[in-house]
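K.L.:
To start, I am sharing the structure in question, which I have written as structure tokens.
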Amino acid sequence: MDPTPIWLTLKLAAITTALLLVIGLPVAWWLSRGRSFFKIVLEAMITMPLVLPPSVLGFYLLLAFSPQHGIGLWLQQTFDIQFVFSFKGLVLASVIYSAPFMIGPIKSALQQLPVSLSQASHSLGKSRWQTFIKILLPNIRPSLLSAIVLTFAHTLGEFGVVLMIGGNIPGVTRVASIAVYDAVEQMDYHSANLYSLVLFAITFVLVIAVFVFNKYQLKSPLE
Amino acid sequence: MISIDIEKRLRAYKGEHLLQVKKEFAAGSITKIYGASGAGKTTLLKIIAGFIQPENGSIMVNGVTWFNAANKIGLQPQQRLCGFVFQDYALFPNMTVLEHLQYATTDAAWIDRLLKLGKLEPFVSHKPVYLSGGQQQRLAILRALAIKPKLLLMDEPFSALDPETKTELINALKLIIAELKTTVLVVTHNPQEVAELATEEFKIA
């Protein structure tokens, strides 16, 4: 079994999770504060990958970032960046596809914190940033961990969207889920089984770890 | 001197009602604020602290405009720096008793004095979940005092205390309030509860 697809998958999941953590925290915080029509529309767009077939998302990303026209052509000409059939494209697609798994749980957890916690911190002269880092974030730790693990685990299992935008280039875009499909296509059930087993084991260990960590909070990682 | 002249629409089960307050509180006074449930007692405190914006009016504190709807002035809660004791205590679940006070101030001697005042010295390393209701309430009061506020707003601050602890705490509070020259507004549903502390009273209709 060639281990490259496994390493590529882990690399993709780690980068996607790190990027989504940086992007998702402020977005979730902003979404958790009040309601407006714009926020509802944005939240709906973030949630779309949960219900949309991955191939549909992948198809539109392929169109949008194709170097022949539109944004893809502009990125290619201006910054010499090509997202289609590259690892960068996989990262972009994964960030969009896994966004609801990071943003959703964090937003819900922030909304469930009593507003008086922030008010108490503000009354002590603390800024919104200090309040977020010292009060809000530590008190949503179980949900934050769940969001990180779910995002990581979900990225491990991506198939349709990464196949559409990344194709199946060995060492570049051929992640484990595509390697499983490829092996089955070639009737190589042994390799398919090994890739599947590794993916299953990693995901299972991650989910168990979250259940153990959250045991005392009596929270399911799916909450 | 605190001069308040505000209007705020409050949503109630049956429609809306208008909270109208026009009142001056002398500097250094201790005023109990009472009134029927839903009259807007807590809302008034939150308006003064800057957590809620009124629709109309103005708030002046010691000659400084904290809020003026006509001139679009509205200081942030961080600029107003009112000590605030919340009805639900609003303690930080991730922090110990000591960390609550250290979050508010870096003055170690002042923290020691507050801990002694609230009789919380044996519990410095306890998080709120391991404190009794009375201990949590005392911590909420100490945290509000930690910033040495010029204006202290307390929402039902003694409801979870036994009579003996309440009397001891009130006596200690009186000394500190006088020392800091703090103006105090105490919301209560039971005016008798703060009779030992308050020197003035104000009823919200």
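Residues checked against (1) surrounded by fewer than 20 Cβ atoms within 10 Å (Cβ to Cβ); (2) of a type outside the set (S, T, N, Q); (3) on the phi < 0 side of the Ramachandran plot:
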| position | (1), (2), (3) |
| --- | --- |
| B:3 | yes, no, yes |
| B:7 | yes, yes, yes |
| B:12 | yes, yes, yes |
| B:23 | yes, yes, yes |
| B:35 | yes, yes, no |
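K.L.:
Can you tell me which condition residue B:95 does not meet? The list is (1) buried (at least 20 other Cβ atoms within 10 Å of the Cβ); (2) touching a Leu at 6+ places or on another chain (Cβ under 8 Å), and all the others hold.
P.N.:
That leaves (2) as the condition not met.
K.L.:
Here is a follow-up. If a residue must be within 14 Å of chain A (Cβ to nearest Cβ), over 16 Å from the mean Cα position of the chain (by Cα) and surrounded by 22 or more Cβ atoms within 10 Å (Cβ to Cβ), how many such residues does segment B:66-83 contain?
P.N.:
Residues flagged as within 14 Å of chain A (Cβ to nearest Cβ), over 16 Å from the mean Cα position of the chain (by Cα) and surrounded by 22 or more Cβ atoms within 10 Å (Cβ to Cβ) within segment B:66-83 amount to 1.
K.L.:
Return the residues of segment B:89-102 that are under 15 Å from residue A:123 (Cα atoms) and at the interface with chain A (Cβ under 7 Å from one of its Cβ atoms); say none if nothing qualifies. Break it down stepwise before answering.
P.N.:
First, the residues of segment B:89-102 that are under 15 Å from residue A:123 (Cα atoms): B:89-92, B:100-102.
Residues satisfying the conditions are B:90, B:92.
K.L.:
What number of residues in segment B:170-189 are in a loop (DSSP other than H, G, I, E, B), surrounded by fewer than 23 Cβ atoms within 10 Å (Cβ to Cβ) and either charged (D, E, K, R) or modelled with pLDDT under 90 (or both)? Let's see the steps before the verdict.
P.N.:
Going residue by residue through segment B:170-189, those that are in a loop (DSSP other than H, G, I, E, B) are B:181-182, B:188-189.
Applying the additional criterion that residues be surrounded by fewer than 23 Cβ atoms within 10 Å (Cβ to Cβ) yields B:181-182, B:189.
Next, from what is left, pick out any that are either charged (D, E, K, R) or modelled with pLDDT under 90 (or both): B:181, B:189.
Within segment B:170-189, residues that are in a loop (DSSP other than H, G, I, E, B), surrounded by fewer than 23 Cβ atoms within 10 Å (Cβ to Cβ) and either charged (D, E, K, R) or modelled with pLDDT under 90 (or both) number 2.
K.L.:
A further question on this structure: Based on this model, can you work out whether residue B:118 counts as of a type in the set (Gly, Ala, Ser), touching a residue at least 12 places away in the same chain (Cβ under 8 Å) and touching a Pro at 6+ places or on another chain (Cβ under 6 Å)? Even if it seems obvious, please write down each step before you answer.
P.N.:
Numbers: of a type in the set (Gly, Ala, Ser): yes; touching a residue at least 12 places away in the same chain (Cβ under 8 Å): yes; touching a Pro at 6+ places or on another chain (Cβ under 6 Å): no.
So residue B:118 fails the test.
K.L.:
What pairs come up if the first residue lies in segment B:1-14 and is free of Cβ contacts under 8 Å to residues at least 40 places away in the same chain, the second is in a strand (DSSP E or B), and their beta carbons are under 7 Å apart, counting only those six or more places apart or on different chains?
P.N.:
Listed pairs, sorted by first residue: B:10/B:16; B:10/B:17; B:10/B:19.
K.L.:
Now for a separate question. Of the numbered conditions (1) on the phi < 0 side of the Ramachandran plot; (2) touching a strand residue (DSSP E or B) at 6+ places or on another chain (Cβ under 7 Å), residue B:57 satisfies every one except a single condition; which is it?
P.N.:
Just one mismatch for residue B:57, condition (1).
K.L.:
Same structure again: Yes or no: segment A:138-147 includes at least one residue that is modelled with pLDDT under 95, at negative phi, more than 13 Å from chain B (Cβ to nearest Cβ) and surrounded by fewer than 20 Cβ atoms within 10 Å (Cβ to Cβ).
P.N.:
yes
K.L.:
Take the conditions more than 14 Å from chain A (Cβ to nearest Cβ) and crowded, with 22+ Cβ neighbours inside 10 Å and apply them to residue B:86. Does it pass? Don't jump to the end; show me each part of the working.
P.N.:
Details: more than 14 Å from chain A (Cβ to nearest Cβ): no; crowded, with 22+ Cβ neighbours inside 10 Å: yes.
Taking the combined requirement at face value, the residue does not satisfy it.
K.L.:
To continue, here is another question. Can you tell me how many residues within segment B:136-188 are under 21 Å from residue B:27 (Cβ atoms), β-branched (Val, Ile, Thr) and free of Cβ contacts under 8 Å to residues at least 40 places away in the same chain?
P.N.:
1
K.L.:
If residue A:115 satisfies all but one of (1) surrounded by fewer than 23 Cβ atoms within 10 Å (Cβ to Cβ); (2) touching a helix residue (DSSP H, G or I) at 6+ places or on another chain (Cβ under 8 Å); (3) within 14 Å of chain B (Cβ to nearest Cβ); (4) among the hydrophobic types (A, V, I, L, M, F, W, C), what's the number of the condition it fails?
P.N.:
Of everything listed in (1) surrounded by fewer than 23 Cβ atoms within 10 Å (Cβ to Cβ); (2) touching a helix residue (DSSP H, G or I) at 6+ places or on another chain (Cβ under 8 Å); (3) within 14 Å of chain B (Cβ to nearest Cβ); (4) among the hydrophobic types (A, V, I, L, M, F, W, C), residue A:115 misses just condition (2).
K.L.:
Considering only segment B:43-65, I want to know if a residue exists there that is more than 14 Å from every other protein chain (Cβ to nearest Cβ), among the basic types (Lys, Arg) and out of contact with any His (no Cβ under 8 Å at 6 or more places or on another chain). Give the derivation first.
P.N.:
Applying the first criterion (more than 14 Å from every other protein chain (Cβ to nearest Cβ)) to segment B:43-65 yields B:44, B:54-65.
With among the basic types (Lys, Arg) added as a condition, the list becomes none.
Checking segment B:43-65: not a single residue is more than 14 Å from every other protein chain (Cβ to nearest Cβ), among the basic types (Lys, Arg) and out of contact with any His (no Cβ under 8 Å at 6 or more places or on another chain).
K.L.:
Do we have any residue at all in segment A:96-104 that's away from chain B (no Cβ under 14 Å), closer than 30 Å to residue B:52 by Cβ and out of contact with any His (no Cβ under 7 Å at 6 or more places or on another chain)? Spell out how you get there, then give the answer.
P.N.:
Just the residues of segment A:96-104 that are away from chain B (no Cβ under 14 Å), to begin with: A:96-104.
Now restrict to residues that are closer than 30 Å to residue B:52 by Cβ: A:103-104.
Filter once more, keeping what is out of contact with any His (no Cβ under 7 Å at 6 or more places or on another chain): A:103-104.
Yes; the residues of segment A:96-104 include at least one that is away from chain B (no Cβ under 14 Å), closer than 30 Å to residue B:52 by Cβ and out of contact with any His (no Cβ under 7 Å at 6 or more places or on another chain).
K.L.:
Go through (1) in contact with a helix residue (DSSP H, G or I) (Cβ under 9 Å, 6 or more places away or on another chain); (2) part of a helix (DSSP H, G or I) one by one and return the number of the condition residue A:81 breaks.
P.N.:
It is condition (2) that residue A:81 fails.
K.L.:
Out of the residues in segment A:8-52 that are charged (D, E, K, R) and part of a helix (DSSP H, G or I), which is farthest from residue A:203 (Cα to Cα)? Full working, then the answer.
P.N.:
First, the residues of segment A:8-52 that are charged (D, E, K, R): A:11, A:33, A:35, A:39, A:43.
Keeping just the survivors that are part of a helix (DSSP H, G or I) gives A:11, A:39, A:43.
Working: A:11: 15, A:39: 32, A:43: 27 Å.
Among those residues, the one meeting the criterion is A:39.
K.L.:
List the residue pairs whose Cβ atoms are under 9 Å apart, where the first residue sits in segment A:207-223 and is within 18 Å of residue A:100 (Cβ to Cβ) and at pLDDT 80 or above, the second is of a type in the set (Asp, Glu) and part of a helix (DSSP H, G or I), and the two are 6 or more positions apart or on different chains.
P.N.:
The qualifying pairs do not exist here.
K.L.:
Among (1) within 29 Å of residue A:201 (Cβ to Cβ); (2) of a type outside the set (Val, Ile, Thr); (3) loosely packed, with under 14 Cβ neighbours inside 10 Å, where does residue A:87 come up short?
P.N.:
(3)
The values are calculated or read from the model by the stated rules, or taken from the named source; none is laboratory data. What you see is a predicted model, and the numbers here were worked out from it, not measured in a lab. When we count neighbours, we look across all protein chains shown, and the Cβ atoms used for this are built from the backbone with ideal geometry, even at glycine.
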